[in-house]
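One structure below.
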C-alpha cells in the first residue's frame, strides 16, 4: 500500500507552479458543481481544490486526517476570502448529518484510505439521495511516471469497491493521467 503523503512536502501540493501547470478549475469544471451544492473535499491537504470549490459551492467542508493540513487550508481560505468548514477525521466517523452532502471529492486520496469499507459507508450515510462521489486517481503512466507521486491504480479496483458498498457507477472521466470515477448514491 502507498504511504501517506508526508506533511513536510505540503508546499508541493499548493503553489504557483502547480496552479500554472495544473489549474484546479480545469478539473473542477468536470465535476458539474452547482451553486447550491454542499461539497466535502476529503483529504483536502492544503486546500488546492478546496478554495476553488468554495468559490462555486454553497458550502465547502475541508476534511483531512492532519491538523497541519487543515491549518494550511484555513489560512488559504482566509487569503482567498472564502468560507470553508474544517473537519479532522480519517473518515471512519464523519461528524456530518445523514443525507447532508451533495458531492464528496477525493483527489489522490482513495489509495491512502486504510478502512475503505467503513469510510465508503460513511460517504453513503452523509450523501443525499442524489449525491455523488468523485474519486480522482492516477490510472495511467505518462512521460513523468518515474517521478514520485501517487501510485498508478486500476480503476476497476475502485469501481468494484464502490459497487460492493452500494454505489452505482455514474461515469469515468479522463483527466490527463488520472481518471475521475464518479459513483452515485442509488
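Exactly one condition in (1) modelled with pLDDT of 90 or more; (2) under 20 Å from residue 136 (Cα atoms) is not met by residue 84; state its number. Checking residue 84 against (1) modelled with pLDDT of 90 or more; (2) under 20 Å from residue 136 (Cα atoms), the one that fails is (2).
Among the residues of region 60-95, the ones that are over 20 Å from residue 120 (Cα atoms), touching a strand residue (DSSP E or B) at 6+ places or on another chain (Cβ under 9 Å) and assigned to a loop (DSSP other than H, G, I, E, B) come to 3 in all.
Any residue at all in region 48-59 that's farther than 24 Å from residue 174 by Cα, modelled with pLDDT of 95 or more and in a loop (DSSP other than H, G, I, E, B)? Looking for residues that are farther than 24 Å from residue 174 by Cα, modelled with pLDDT of 95 or more and in a loop (DSSP other than H, G, I, E, B), one finds at least one in region 48-59, hence yes.
Any chance you could count how many residues in region 24-47 are buried (at least 23 other Cβ atoms within 10 Å of the Cβ) and farther than 23 Å from residue 172 by Cα?
Residues of region 24-47 buried (at least 23 other Cβ atoms within 10 Å of the Cβ): 39-47.
From the residues that got through so far, the ones that are farther than 23 Å from residue 172 by Cα too are 45-47.
Total satisfying the criteria: 3.
Selection over region 156-170 of residues that are surrounded by fewer than 17 Cβ atoms within 10 Å (Cβ to Cβ), under 17 Å from the mean Cα position of the chain (by Cα) and assigned to a helix (DSSP H, G or I) gives a count of 0. Contact map, region 91-109: first residue without any contact (Cβ under 8 Å) to a residue 40 or more places away in the chain, second residue part of a strand (DSSP E or B) and buried (at least 24 other Cβ atoms within 10 Å of the Cβ), Cβ cut-off under 7 Å, separation 6 or more or different chains; pairs are 99/127. Residue count for region 97-137, restricted to those that are buried (at least 18 other Cβ atoms within 10 Å of the Cβ) and assigned to a loop (DSSP other than H, G, I, E, B): 3.
The values are calculated or read from the model by the stated rules, or taken from the named source; none is laboratory data. Quick caveat: nothing in here was measured; it's all calculated off a predicted structure. When we count neighbours, we look across all protein chains shown, and the Cβ atoms used for this are built from the backbone with ideal geometry, even at glycine.
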